[in-house]
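K.L.:
The structure is given below, and queries will be raised subsequently.
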Amino acid sequence: MHQPVDSSFKSSVSRSWASADDGGRRRLLIVAAVLVAAAVAAWLFFGGGADAPAENPEVSRPSITVIVPGVTQVADSVKAVGSIAARRDMPVGVQGEGGAVTAVLVDAGDYVQKGQVLARIDRSVLEQEVNQLRASLTRARADAALAQSELDRAQSLVARGFISKADIERRTATRDSANASVGVAAAQLRESQARLGRLDIRAPEAGLILERNVEPGQVVSSGSPAVFRMAQDGAMEMRALVAEQDLAAIEVGQAATVQMIGSRTQYAGQVWMVEPVINPQTRQGLVRVSLSGDRALRPGGFASGRIEVGKADRPLLPESAVMGDAESSYVYVVAKDGTVERREVRVGMVSSAGVGIASGLTGKEQVVLSAGAFLNPGEKVSPVLHKPQK
């Protein structure tokens, strides 16, 4: 409220103004101006601004773009981790008597055909034995031919009475014995040749050489460890460890995507075996996913994969909306009053279309689109709904 000006103050000012000269009047004007300014300032400070409108708290809140994802039919998947291995890991060892290795013809990483010679073992002793048995077979055949010839001549003389029946029987027995000796010599020769052939270490099937564990000069035998390891047909697989509760949804024939750690390349695969035993310590089961024989798939390498177990209606978010830490994946949700809340989520299938949320969202929430890294739970914001470009 304005205070009335005292009449005595007015009259004193009038008398002073009338009695003052020009310099005094100027001083009076300055004093009056100062008094008026002081009065106005006091009025504003003590009551003049009491009826001014309060500052709007909405103005200080940052504007944040949000998205209401709804639900979309996406492929439902199960996460798995494991290692790469040969689908059929084949050890190759020495079949025969063994001996000193004279040559190794392949190295790790080579692709070989079925029956291809991988290494050779010293053959000098067995080669001489084969030559000896071959000569014995030639002699046995000559003896058999001579016995047959003598029998034929004897039979032609029986009618004339020069040869008795007993001589014919004796010569027949000699011929049969010679023929038997031919059979024995031939069998011994074939055995020796087979033993000679087994000195060559050959690939049992076509495939990729994974390990070479032998060098020229090394002495090996049938009791030695495997001298080579190979992957049959070069086929690889991921041996994936899957949580017990997820195994029920996995079946043979389901598609999978596998990615090596440290690589962005994704490999298409297919579940070909779900092992029936669950590890009682880790509560995980082993799922084997077949992969093509790509050279980048190295056995023993660590990999992660996703197995498509069906389709489901899930919220689908851009990758920028989903964050993660050492414990879990999460998003920021804006409540009706503008408060930012952290929401734990379980990520499902990830594709070029976005990130499917397996659990944690209904699709009706306002999810922060891309500024989550700059927000804190409990902070107040002004949500701005994102409008997708058509």
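The values are calculated or read from the model by the stated rules, or taken from the named source; none is laboratory data. The model shown is predicted, which means the values in this text are computed figures rather than measured ones. Cβ coordinates were reconstructed from backbone atoms using ideal geometry, including for glycine residues, and neighbour counts include every protein chain displayed. The protein model used for the area step is the full one, side chains on, heavy atoms only, and it has no ligands, DNA or RNA in it. Shrake-Rupley method; radii C 1.70, N 1.55, O 1.52, S 1.80 Å.
K.L.:
Yes or no: Arg88 at negative phi and out of contact with any helix residue (DSSP H, G or I) (no Cβ under 7 Å at 6 or more places or on another chain)?
P.N.:
yes
K.L.:
Every residue in the range 146-172 that is among the small types (Gly, Ala, Ser), in a helix (DSSP H, G or I) and open to solvent by 60 Å² or more (accessible area, probe 1.4 Å), please.
P.N.:
Selection gives Ser156 alone.
K.L.:
Among the residues that make up the range 227-241, is at least one of them in contact with a helix residue (DSSP H, G or I) (Cβ under 6 Å, 6 or more places away or on another chain) and either open to solvent by 70 Å² or more (accessible area, probe 1.4 Å) or of a type outside the set (Lys, Arg) (or both)?
P.N.:
No, the range 227-241 has no match at all.
K.L.:
When you check Gly70 against the structure, is it under 17 Å from Asp200 (Cβ atoms), open to solvent by less than 30 Å² (accessible area, probe 1.4 Å) and not in a strand (DSSP E or B), yes or no?
P.N.:
no
K.L.:
So Val384 clears everything in (1) more than 30 Å from the chain's Cα centre (by Cα); (2) at pLDDT 90 or above except one condition, right? Which one?
P.N.:
In the conditions (1) more than 30 Å from the chain's Cα centre (by Cα); (2) at pLDDT 90 or above, Val384 misses (2) alone.
K.L.:
All but one of (1) modelled with pLDDT of 90 or more; (2) under 25 Å from Leu199 (Cβ atoms) hold for Arg88; state the number of the condition that does not hold.
P.N.:
(2)
K.L.:
Here's something else I'd like to know. Just to be sure, is Asp89 under 19 Å from Val220 (Cβ atoms) and open to solvent by 30 Å² or more (accessible area, probe 1.4 Å)?
P.N.:
So Asp89 does not fit the description; no.
K.L.:
List every residue pair whose Cβ atoms sit under 8 Å apart, with the two residues 6 or more apart in sequence or on different chains, where the first one lies in the range 344-355 and is under 15 Å from Ser320 (Cα atoms) and the second, anywhere, is open to solvent by 50 Å² or more (accessible area, probe 1.4 Å) and outside any strand (DSSP E or B).
P.N.:
Matching pairs, first to second residue: Val350/Glu319; Gly354/Glu319; Val355/Glu319.
K.L.:
For the range 201-220, does any single residue satisfy the condition of being surrounded by fewer than 20 Cβ atoms within 10 Å (Cβ to Cβ), within 30 Å of Ser136 (Cα to Cα), touching a residue at least 60 places away in the same chain (Cβ under 8 Å) and over 38 Å from the mean Cα position of the chain (by Cα)?
P.N.:
no
K.L.:
Within the range 304-328, how many residues turn out to be of a type outside the set (Asp, Glu), surrounded by 16 or more Cβ atoms within 10 Å (Cβ to Cβ) and within 21 Å of the chain's Cα centre (by Cα)?
P.N.:
Count: 4.
K.L.:
Step by step: first the residues of the range 52-85, then only those that are closer than 21 Å to Asp313 by Cβ and not hydrophobic (A, V, I, L, M, F, W, C), then the one that is modelled with the lowest pLDDT. Which residue is that?
P.N.:
Ranking the qualifying residues of the range 52-85, first place goes to Asp76.
K.L.:
In the range 252-269, which residues are modelled with pLDDT of 90 or more, of a type outside the set (Gly, Ala, Ser) and open to solvent by 70 Å² or more (accessible area, probe 1.4 Å)?
P.N.:
Result: Val252, single match.
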